[in-house]
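Input: a single structure, listed below in structure tokens.
Every number here is computed from the coordinates shown, using simple stated rules; none is lab data. Source: prediction; values computed, not measured. Neighbour counts run over all protein chains shown; Cβ positions are idealised from the backbone, glycine included.
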Amino acid sequence: MDAFFKFIKDYEVAIYLIFGVAGLFSLRGLVSGWLEWRAALFGLEREFAFNKIRSSGVILIILAMFALSQFCFVSFVIPFFPSTTFAATPTANLLGQTMAEGKSMTAQPALPPEGSTGCIPGQLVISSPTPNEEIKGRITIKGTINIENFGFYKYEYSAGNDLWVTVAAGDKVVIDGDLGNWDLTQLTPGDYQLRLLATDNTGNALPPCSLPVKVRAE
């Protein structure tokens with residue numbers, strides 16, 4: 001299933017083009033059959049023309065259903081399954097990787113915030129919010145995710161009951177930047193744990209970087 005989702009996401013445009021070309025041929029057959037049916041003088045000719053119209057129409061309907069399914073998968077299903085969407089190796093960005101490596105070589109990574117656990121300086125860090133910070137509304141999670149053989153990352157929260165809820169995920173290296181947003185407006189005020197998890201392109205997950213935060217009412 002992972003490979004299926006990745007194929008749909010990676011070749012979305014090509015699949016739409018294939019559906020479009022096939023649809024044009026089917027539409028041409030439909031119009032041709034209609035013209036033949038109108039021009040037919042004998043019952044057998046009309047029957048042949050009608051069968052042509054019917055087969056072309058069925059193909060058009062099937063293509064439309066496949067195209068709609070493709071759109072629904074890409075727009076509404078895959079974004080809510082980050083582990084399947086991002087687990088494969090992302091497209092290499094040599095320029096960005098070179099710049100990131102240069103930055104790592106020229107500057108010492110900052111230490112993770114005091115009070116966080118499992119964070120790795122320069123590789124897996126949540127820099128905002130900070131441990132025990134009071135947060136509310138909609139905030140931006142900031143930090144660094146730059147591990148070897150990077151695959152994808154996601155960040156989650158828990159109310160302290162070992163039930164973790166995934167907020168969002170990403171498949172791009174981030175160095176001291178925005179990891180994503182977190183909408184707190186629907187959460188009950190109280191103490192929560194926020195954690196950042198990274199998985200390499202072979203499916204191995206690193207220990208999470210986590211920290212406590214305090215959600216307050218607006």
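Cβ under 12 Å from Ser128's Cβ, Ser128 left aside: what net charge do those residues give with Lys, Arg +1 and Asp, Glu -1?
Values: positive: Lys142; negative: Glu133, Asp176, Asp178.
Charge balance in the 12 Å sphere: -2.
How far, in nm, would the chain grow between Ala217 and Val21 when pulled straight, counting 0.36 nm per residue and subtracting the alpha carbon separation?
Length gained, Ala217 through Val21: 65.2 nm.
Excluding Ile139 itself, calculate the net charge of residues whose Cβ lies under 13 Å from the Cβ of Ile139, where each Lys or Arg counts +1 and each Asp or Glu counts -1.
Values: positive: Lys136, Arg138, Lys142, Lys214, Arg216; negative: Glu133, Glu134, Asp178, Asp183, Glu218.
My count for the surroundings of Ile139 gives 0.
Classify segment 108-215 from the C-alpha gyration tensor, please: rounded if a/c falls under 1.5, else prolate or oblate depending on whether a/b exceeds b/c. Please list the in-between numbers first.
Numbers: a/c = 1.73, a/b = 1.48, b/c = 1.17.
In terms of gyration-tensor shape, prolate.
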